[in-house]
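Report on one structure; see the data block that follows.
The values are calculated or read from the model by the stated rules, or taken from the named source; none is laboratory data. Being a predicted model, the structure only gives us computed values, none of them experimental. With ideal geometry, Cβ positions are generated from the backbone for all residues, glycine too; neighbour counts draw on all protein chains shown. These area figures cover heavy atoms from the full protein model, side chains too; ligands, DNA and RNA do not enter into them. Shrake-Rupley method; radii C 1.70, N 1.55, O 1.52, S 1.80 Å.
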Amino acid sequence: MSGPRTIPDEARARQARASDPTASVFVSANAGSGKTYVLVNRVIRLLLEDVSPEKILCVTFTKAAAANMAERVFTKLGQWVTLADAELDNEIRSAGIAAPGPALRRRARELFACALETPGGLKVRTIHALCTQLLQQFPFEANVPARFSVLDDRDQNEMMERASLKVLLQAASAPDSAEGRALTIAMTSAADVTFRDVVREASLSRDQFLAWVARAGSTEVAMAQLSQALGVAIDDSTEAVETEIVDGPHLPRERWVPVAEILETGGVNDGKQGARLREALQQGGSAQVDEYLRVFFTDKMEPRKAIATKALEKAHPALFAALGREADRIMPLLARRRAVAMRDRTQSLFVIATGVAANYAREKNERGLLDYDDLIDHTLAMLERVSSSWVHYKLDRGVDHVLIDEAQDTSPRQWDIINHLISEFTSGEGAREGLKRTIFAVGDEKQSIFSFQGAAPREFDERRRSLQQRFSGAGLTFDPVAFTYSFRTGAAILQSVDHVFRDEAIYRSIHNEGSYPIHLSLADAGPSLIDLWELQRPDEREEIEGWQAPFDAVTETSPEVQLARRVQAEIRTLIADGTQTGPIGRRRALRYGDVLILVRRRGRAFDAIIQALKQGGIPVAGADRLKLTEHIAIIDLMHLADALLLPQDDLALAVALKSPLFGLDDDDLFKLAWKRKGTLRAALDEHAADNAKIADALRRLQDCEARVADETPFGFYAWLLGGHGHGDGGRARILRRLGHEANDALDEFLELALGHERKAPASLQGFVAWLRAADTEVKRDMEISRDEVRVMTVHGAKGLEAPVVFLVDTTSSPADTQRLNLVRLPRGNAAPTTPGVMVWAGKKADDPAAVAAARAAMVAETEDEYRR
C-alpha cells in the first residue's frame with residue numbers, strides 16, 4: 001500500500017465501508033488485498049471519533065501480528081504529528097474520511113500522545129494473552145492460582161516426560177495391575193518412539209480422546225461404544241478369535257499334515273504352501289495364527305489369487321473346494337481379529353494416557369502453571385459463569401469495540417470467548433441508541449492453515465452469518481464486505497489461481513461461497529509470469545550396496561540436488577540480467593532479498609537448496625527453523641562446556657579448539673595431538689611456549705577455566721560471547737565464520753541459559769544436560785529486510801510476500817509421510833447410535849472398514865488444508 005497506486009474506486013469504497021467506526025463489519029479478504037491496512041485505519045478512525053484507546057480491543061492470532069499491528073498504528077499516528085495541513089488532510093482521506101476539517105486535524109495530531117499516555121497502551125492482544133489477562137483478573141471465579149504462570153513448550157515437554165515415566169515405572173513394577181497389563185499390550189503394538197508420541201498425543205488430547213471417555217461416563221461404557229463402532233462384541237477377545245481361526249470345520253489342525261503332504265506333491269509354489277502349513281503347526285499362539293493366515297493371504301494380507309496350482313487342484317477337487325470355503329470363512333475372522341486388537345490397544349492407551357494426564361495436571365497445579373489449552377478452557381468456563389457486564393467492567397471499565405485479525409484461524413472455542421465478550425453489544429444497555437459498540441473481523445477462509453490448533457474454515461462463514469443475524473436482529477448496522485483486489489500480485493498469477501480453483505469439487509474445500517473465489521489485480525500491477533519446469537528426475541545408475549552406500553548424505557545425482565542447482569542458476573541469471581520488478585511507473589532492479597523459495601516441508605530438498613545457494617555465493621537467510629543443539633555454533637559452546645567440566649575429554653576440547661572461539665585449524669590440532677604422551681590439555685601447555693597461535697588459544701582457555709569456576713552458566717556464556725580481555729569477543733568470532741544467521745541461535749542459547757537458572761540450580765553441567773535433552777527448535781524471523789534469499793515452508797511463509805517465488809517439492813502429498821496415531825470414528829460411521837469415538841490406529845493394512853473410512857476422511861482433510 002506504500003506509494004501512489006492506481007486503486008479502483010470500488011476497492012476504495014469497500015475499504016471505507018470496512019473502516020467505518022459506526023458499523024460492525026465482517027471482511028472476507030483475499031491475500032494481499034490490504035486487510036491489515038484497513039484494520040489499522042479502523043483503529044485510527046475510532047480514535048478520531050473520540051473513542052478512548054482503552055475501549056478498543058484488538059485480538060490477533062500471533063505475537064508477531066500483534067506487534068505489527070501496534071507498530072503500524074503508532075507509526076502512522078507519529079507521522080501525523082509532523083505533517084502539514086494539506087498532507088494531513090490527504091492522510092485522513094486515505095483512512096476513509098471524506099471531508100477532514102480543522103477540528104479533525106487537531107484531534108489527529110493529539111492521537112499519538114493520547115495513545116502513548118493511555119495506561120497499558122492500546123490493547124492489542126493474542127487470544128492467549130487476552131485469556132491470561134482475564135484469568136489474572138478473575139482467578140477466584142476461574143478457579144486458577146492467583147499468581148499462575150503460563151507453561152511454555154519446553155517446560156511442557158519436560159513435564160510430559162516426567163508424567164509418562166512415572167506411569168510407566170508404576171506399570172512395570174506391577175505387571176498384574178491394570179496399568180501393567182495396558183503397558184504390555186501397548187509396548188507390543190508400537191516401537192518406543194511411536195509409543196511415546198501417541199501417549200503424549202492422547203494425554204494432551206483433552207477435547208478429543210480423553211473427552212470422549214469422559215462423556216461416556218466410564219471406561220467400560222466407552223469400550224462398549226468402541227466395540228460397537230468396530231463391529232465386535234464387548235466380550236470378544238483376541239485369543240477366542242484366534243482359536244476360531246485355526247480350529248475351523250473345513251481345515252482343522254489335525255488335517256494340516258496330510259494336506260501339507262498333498263501340497264508338496266505339486267509344483268514349487270504348492271510346496272511353499274505345504275511348508276507354511278507345517279511351520280504353522282510348529283508354532284503356538286498368535287505366531288501360529290499368523291503363519292496359518294499366510295496360506296490364504298499374501299504378506300500384505302491380501303487374498304491369494306490361487307491357493308494352489310491348477311494341476312493340483314484338478315487332482316484333488318474336494319480338498320481345494322474345502323480350502324476355498326476355509327478362505328471365505330477366515331476373511332471376516334481376520335477383520336474381527338484386527339478390530340479386537342485395535343479395541344484392546346486403544347483401551348490400553350486410555351489407561352496409560354489417563355494416568356499421564358493426571359500426573360501432568362497434578363504437577364501443573366502444584367507449581368501454579370497453566371498451558372495454552374488451560375487458558376482457553378478456564379477462560380471459557382469462567383465467562384459462562386460470570387456476568388458479562390462485570391467482565392467488561394474489569395476490562396478497563398468496558399470494551400466497546402472488538403477487532404479480530406486473521407479470523408479464519410480462530411478456533412470454535414476461541415470464537416465462543418469472543419462471543420461472550422460481545423454478548424451485550426446486541427442486547428440490553430449495550431444496544432441502546434447512542435452507544436456505538438461494534439465488532440470488526442477480517443480474514444480469509446482460504447488461508448486457514450491451523451486446523452491442528454482447532455481452526456476450521458467453515459467456522460469463518462458460520463460465525464459471519466451468526467453475527468450478521470444477531471446485529472441485524474438488534475437493529476444495528478452489520479456490513480459483510482469482500483476484498484477482491486490484490487495489491488501485491490499481477491494478473492497472470494491471479495488468473496491462474498482462479499483457473500485452478502474453478503472446479504466446484506476443489507473450491508468447496510477452501511471456500512463456502514456459491515462460486516470459486518475471484519482475485520482481481522490492479523491496473524498498474526507489474527507484469528507477472530508463471531514458469532513451469534519439467535519434473536527433475538533421478539539419473540539412471542546402478543544401485544549402490546553395502547559399505548559403499550552413503551549413510552545419510554544426499555547424492556550429487558539426486559533430483560533434489562539437481563533441482564537446487566537449477567534454482568541457484570536461475571536466481572543468479574535473474575539478478576545478473578537486471579530483471580525489473582515492482583508496479584508500472586516504479587520499476588526497479590531485482591535483489592536477492594526479493595526471492596522466496598518455498599518447500600512443503602523441511603527435508604532433503606530444503607537442505608539441498610540452502611547448501612546450493614551458499615556454495616554458489618548467493619546470500620541466503622538460512623533455515624526459518626533450526627534445532628538449536630544441531631547448530632554448529634551451539635555444538636561448539638556445548639563441547640567447550642564438556643572440556644571445562646572434564647579436562648580429560650580430548651575430543652570435546654579438540655572440537656572447541658577448532659571452533660571460531662579459539663581459531664585453531666587441523667594442522668594446529670595435528671601438532672598438538674600427534675604422539676602426545678598425555679591429555680590434549682597437557683599438550684596445549686607444552687606447545688604454547690614456541691607457538692604464538694597455540695599460546696593465544698591457551699590464554700583464552702585459561703580465562704574460560706577461571707571464569708567458569710565462579711560464574712553461573714548465563715554469566716559465563718555472556719562473558720564468553722561478549723568482549724573480553726583478548727581482542728574481540730566470542731560472538732564476533734563466530735559471526736565472522738558462520739554469518740549473521742548464527743545470531744538467532746546465540747540469542748536463544750543465552751535466553752535458555754538465563755531461563756534455566758530461574759528454575760534450576762545454576763550448574764553448567766545441569767544446564768548442558770538439560771539443553772541436550774530439551775530438543776529446542778528456534779523459529780527465526782524471516783521478515784527482517786536483509787538482501788538475502790529466504791527458504792521457508794509454505795506454512796511458515798504465511799503472510800509474507802516476494803516478487804519472485806520458487807515452489808519446489810510440489811509433487812508429493814502431505815499424506816505421503818503423515819503418521820496418523822489417533823483416528824476419530826464419526827457418529828454413524830459403523831454404528832448410528834454411538835457417539836464419535838477414537839482409536840489408536842496401526843498400519844493402514846490392518847484397518848477395519850470403519851477405521852479405513854475415517855482415516856481416508858482425515859487424509860482428505862489434510863489434502864484440503866495443503867491446497868489452501
**Message:** For a quick check of your reading of the filter: which trypsin sites (Lys or Arg not before Pro) in segment 668-723 sit in a DSSP loop and have no more than 14 other Cβ atoms within 10 Å?
**Reply:** Lys675, Lys677
**Prompt:** For segment 213-252, with every protein chain kept in place, what is the accessible area per residue (1.4 Å probe, Å²)?
**Reply:** 46
**Asked** So what's the convex hull volume per residue for the Cα atoms of segment 288-382, in Å³?
**Response** 154
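Between Leu651 and Ala358, 0.36 nm times their residue separation minus their Cα-Cα distance comes to what? It would help to have the intermediate numbers written out before the result.
Details: separation 293, 0.36 × 293 = 105.48 nm, distance 4.33 nm.
That works out to 101.1 nm of additional length.
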**Message:** As a test question: what accessible area, to the nearest 10 Å², does Arg731 have when a 1.4 Å probe is rolled over all protein chains in place?
**Reply:** 50
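How much length is gained if the chain between Ser177 and Glu117 is pulled fully straight, taking 0.36 nm per residue apart and subtracting their Cα-Cα distance, in nm to one decimal?
Values: separation 60, 0.36 × 60 = 21.60 nm, distance 6.32 nm.
So the chain would gain 15.3 nm between Ser177 and Glu117.
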**Complete:** Charge tally for neighbours of Thr410 with beta carbon under 12 Å away, counting Lys, Arg as +1 and Asp, Glu as -1, is -4
**Message:** What whole-number distance in Å separates the alpha-carbon centres of segment 50-81 and segment 311-336?
**Reply:** 75
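Which value, in Å to one decimal place, does the Kirkwood hydrodynamic radius take for segment 125-241 when every pair of different Cα atoms is included? Don't skip to the answer; put the middle values down first.
Values: mean 1/r = 0.0567 Å⁻¹.
Evaluated on segment 125-241, it is 17.6 Å.
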**Item:** Accessible area, probe 1.4 Å, largest first, for residues Glu87, Glu279, Glu384
**Value:** Glu384, Glu87, Glu279
**Item:** Pairwise FRET efficiency - Arg591 versus Thr82, Cβ, R0 = 30 Å, nearest 0.05
**Value:** 0.50
**the chain: relative contact order in percent, alpha carbon pairs under 8 Å with at least 6 residues between** = 16
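Pop the C-beta distance of Val221 and Leu169 into the FRET formula with R0 = 30 Å and round what comes out to the nearest 0.05. Let's see the in-between values first.
Numbers: r = 29 Å, r/R0 = 0.98.
Efficiency, from the Cβ-Cβ distance: 0.55.
With the full set of protein chains in place, find how many percent of the accessible area of the chain is carbon and sulfur; take the probe as 1.4 Å. Walk me through the numbers before you get to the answer.
Numbers: 21810 of 42370 Å².
Heavy-atom surface of the chain belonging to carbon and sulfur, 1.4 Å probe: 51 percent.
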**Prompt:** Applying 1/(1 + (r/R0)^6) with R0 = 60 Å to the Cβ-Cβ distance of Lys798 and Asp690, what FRET efficiency is obtained, to the nearest 0.05?
**Reply:** 0.55
**In Å², nearest 10: area of Leu822 left accessible to a 1.4 Å probe** = 10
**Message:** Under 5 Å between amide hydrogens, which residues at least 5 positions from Thr126 or on another chain qualify, with H placed 1.01 Å from N in the peptide plane?
**Reply:** Thr60
**Prompt:** What's the local net charge at Leu380, with K and R +1, D and E -1, over the other residues with C-beta under 14 Å away?
**Reply:** -4
**Asked** Pulled fully out, how much extra length does the chain show between Lys677 and Ser52, if you take 0.36 nm times their separation in residues and subtract their Cα-Cα distance?
**Response** 217.3 nm
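Computed over the Cα atoms of segment 1-150, what is the ratio Rg over Rh, Rh following Kirkwood? Working shown, then result.
Details: Rg = 17.4 Å, Rh = 17.0 Å.
Rounded to two decimals, Rg/Rh equals 1.02.
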**Asked** So for segment 292-342, what are the equivalent ellipsoid semi-axes in whole Å, largest first, each being the square root of 5 times an eigenvalue of the Cα gyration tensor?
**Response** 25, 12, 6
**Message:** For a quick size check, give me the Cα extents of the chain along its three principal axes, largest first, whole Å.
**Reply:** 107, 89, 62
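Could you work out the longest stretch of the chain that avoids the chymotrypsin sites (Phe, Trp or Tyr not before Pro) located in DSSP loops with at most 14 other Cβ atoms within 10 Å? Write down the numbers at each step before the final one.
On the way: sites that count: Trp533, Phe551, Trp674.
The longest uninterrupted stretch comes out as 1-532.
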**Request:** Run the quick spin-label model on Asn157 and Asn743: label points 7 Å from Cα toward the beta carbon, then report their separation in nm to one decimal.
**Result:** 2.5
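With all protein chains present and a 1.4 Å probe, how do Met638, Met301 order by accessible area, largest first? Write out the running numbers ahead of the final one.
On the way: Met638 10, Met301 50 Å².
Sorted by accessible area, descending: Met301, Met638.
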**Complete:** For the chain, the longest principal axis of the Cα atoms and the Cα long axis of helix 491-500 enclose an angle in degrees, to the nearest 10, of 30
**Complete:** Env charge @ Ala612, Cβ radius under 10 Å, K,R +1 / D,E -1, value +1
**Request:** Treating the angle as unsigned and between 0 and 90°, give the value, to the nearest 10°, between the Cα long axis of helix 127-137 and the longest Cα principal axis of the chain.
**Result:** 80
**Message:** For His378, what accessible surface area do you get with a 1.4 Å probe? Give it in Å², rounded to 10.
**Reply:** 50
**Message:** Need one number: the % of Cα-Cα pairs in segment 35-119 sitting beyond the 22 Å mark.
**Reply:** 21
**Computed P(r) (all Cα pairs; segment 567-640; 10 Å bins; percent)** = 15, 38, 28, 14, 5, 1
**Request:** Check the straight Cα-Cα distances from Lys798 and name the lysines below 26 Å, setting aside those fewer than 8 residues away within the same chain.
**Result:** Lys35, Lys63, Lys76, Lys123, Lys446, Lys614, Lys627, Lys779
**Asked** Roughly how tilted is helix 764-774, in degrees to the nearest 10 and between 0 and 90, from the longest Cα axis of the chain?
**Response** 70
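Need one number: % antiparallel among DSSP beta bridges in the chain, to the nearest 5.
On the way: 10 of 46 bridges.
Once the DSSP bridges in the chain are tallied, antiparallel ones form about 20 percent.
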